[in-house]
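Each remark here refers to the structure printed beneath this line.
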Amino acid sequence: MQEITSQDNGKLRAFMALCREKKERDRSGLCVLDGVKICRDAAASGYRLRQLWITGDAAERYARETEELSAAADEIFVIRSSAAKKLSELNSPQGVFAAVERPAPVSVRELASHSRILGLCGLQNPENVGGCVRTAAALGFGALLLSSDCADIWSPRAVRAAAGTQLSCSIYVTSDFAASVGELRDEGVLTCASALHRDSIPVTEVEKGGRLFLAVGSEGQGLPDDVTEACDKTVRIPMSASAESLNAAAAAAVMMWELREAGALN
C-alpha cells in the first residue's frame with residue numbers, strides 16, 4: 001500500500017489520464033471503475049483489480065469492503081479526497097476506484113456465435129451507450145457491435161451507466177458498421193434495423209427462433225441508409241399516435257425485451 005499526497009505523482013497522473021483519455025484506455029487495455037459496489041461486483045466476478053485507489057475517509061467508511069477489495073488488488077494507493085474529486089465526474093465520489101483489465105475484443109464471427117447481438121451505431125451519449133449495455137446484459141444480448149463513432153464504451157461514464165456489465169460481454173468496435181452487419185448476415189444471423197420506415201414491421205412480428213441481431217441508431221440521426229439496407233428486416237415499436245419516438249436507450253430496451261431468446265431468462 002502506497003500513500004500519495006502529491007497530485008503531481010506520476011502514477012496518479014497516469015491513472016487520471018486513464019480516467020479521462022480514450023487513447024490511454026485503449027493503449028493500456030484497462031478501464032476505470034468508480035464506486036464501492038461496482039468495484040466489489042467486479043472482484044466478486046473474478047476480475048483482478050490491477051490498481052485500487054482509495055481515500056483515507058473511504059477506508060474508514062467502507063472498512064470491510066475496502067479490505068475485501070485490497071485482497072483482490074495488485075497495487076493499492078491511498079489518496080486525498082481532493083485527488084478523488086479530480087478522478088471522478090461525480091459531485092460527491094465515494095473515494096474508491098479501480099483499474100481493471102478489459103476483456104479482449106472479439107471478431108465478427110465470434111459475435112455471430114451468440115444467440116442475441118445488439119448493435120449500437122452513432123450513439124454519442126455515454127450514458128445512453130452504458131444504459132443499452134446494461135439492458136443488453138440483463139436480457140441475454142451478450143454480444144455487442146459498436147460503430148467507431150459511438151461514445152467510448154469504456155469511458156467511466158459509460159461503465160458507470162452500465163454498472164460494469166460490459167466486462168462480461170463480447171464486444172467488437174467497427175469502422176464500417178454496415179459491412180460488419182453484412183458479415184453477421186453471411187454467418188446466418190437474422191439482422192434487424194430499428195427504424196421508422198414505411199416498410200418497417202412491428203418488432204412483435206419478428207421470428208425469434210434463431211440467432212438475431214438488432215441495430216439501434218442515434219436519436220437525432222437514426223441508422224444510416226447503408227445499415228438499414230444491409231439488414232434483413234426493418235422493425236419498429238408499435239406506439240401511441242401521440243408519440244413520435246422513444247430515446248435510443250428506451251427503444252433498445254423495449255425491442256430487446258421483445259426479441260429476447262425464449263427460456264433464456266429466469
Which one is modelled with the lowest pLDDT, of the residues in the range 230-249 that are within 18 Å of the chain's Cα centre (by Cα) and within 23 Å of S115 (Cβ to Cβ)? A248
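Here's the yes/no breakdown for (1) over 23 Å from N91 (Cα atoms); (2) more than 20 Å from the chain's Cα centre (by Cα):
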position: Q2; (1), (2): yes, yes
position: T5; (1), (2): no, yes
position: G29; (1), (2): yes, no
position: R40; (1), (2): no, no
position: A43; (1), (2): yes, no
position: G46; (1), (2): yes, no
position: L49; (1), (2): yes, no
position: L52; (1), (2): no, yes
Among the candidates G217, G182, which residue alone is surrounded by 20 or more Cβ atoms within 10 Å (Cβ to Cβ) and not hydrophobic (A, V, I, L, M, F, W, C)? G217
Has the range 162-177 got any residue that is among the charged types (D, E, K, R) and under 30 Å from R48 (Cα atoms)? no
With the condition kept exactly as written, say whether any residue in the range 76-90 is without any contact (Cβ under 8 Å) to a residue 24 or more places away in the chain and farther than 20 Å from S180 by Cβ. yes
Check on L120, buried (at least 23 other Cβ atoms within 10 Å of the Cβ) and over 13 Å from D34 (Cβ atoms): yes
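To keep it simple, each residue is scored yes or no on (1) part of a helix (DSSP H, G or I); (2) at pLDDT below 95.
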| site | (1), (2) |
| --- | --- |
| Q7 | no, yes |
| C19 | yes, no |
| K23 | yes, no |
| C39 | yes, no |
| I54 | no, no |
| A84 | yes, yes |
| N91 | no, yes |
| F97 | no, no |
| P105 | no, yes |
With the requirement that a residue be among the hydroxyl-bearing types (S, T, Y), in contact with a Lys or Arg (Cβ under 6 Å, 6 or more places away or on another chain) and under 23 Å from P105 (Cα atoms), what does the range 156-208 give you? T165, T191
Mind listing whichever residues of the range 1-25 are touching an Asp or Glu at 6+ places or on another chain (Cβ under 7 Å) and loosely packed, with under 15 Cβ neighbours inside 10 Å? A17, K22
For residues in the range 58-113 being of a type in the set (V, I, T) and within 23 Å of A44 (Cα to Cα), which is surrounded by the most Cβ atoms within 10 Å (Cβ to Cβ)? V96
Taking the residues in the range 29-58 that are in contact with a strand residue (DSSP E or B) (Cβ under 8 Å, 6 or more places away or on another chain) and of a type in the set (S, T, Y) as candidates, determine which candidate is nearest to E101 (Cα to Cα). Y47
Strands (runs of 3 or more DSSP E) contained in the range 148-264 and holding at least 2 residues closer than 30 Å to Q94 by Cβ and either of a type outside the set (S, T, N, Q) or assigned by TED's automatic domain parsing to the domain that holds R40 (or both): 170-174
Got at least one residue in the range 41-48 being hydroxyl-bearing (S, T, Y) and surrounded by fewer than 22 Cβ atoms within 10 Å (Cβ to Cβ)? yes
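The values are calculated or read from the model by the stated rules, or taken from the named source; none is laboratory data. Small disclaimer: the values here were computed from a predicted structure and weren't measured. Quick reminder, even Gly has a Cβ in these numbers, built from the backbone with ideal geometry, and neighbours come from all protein chains shown.
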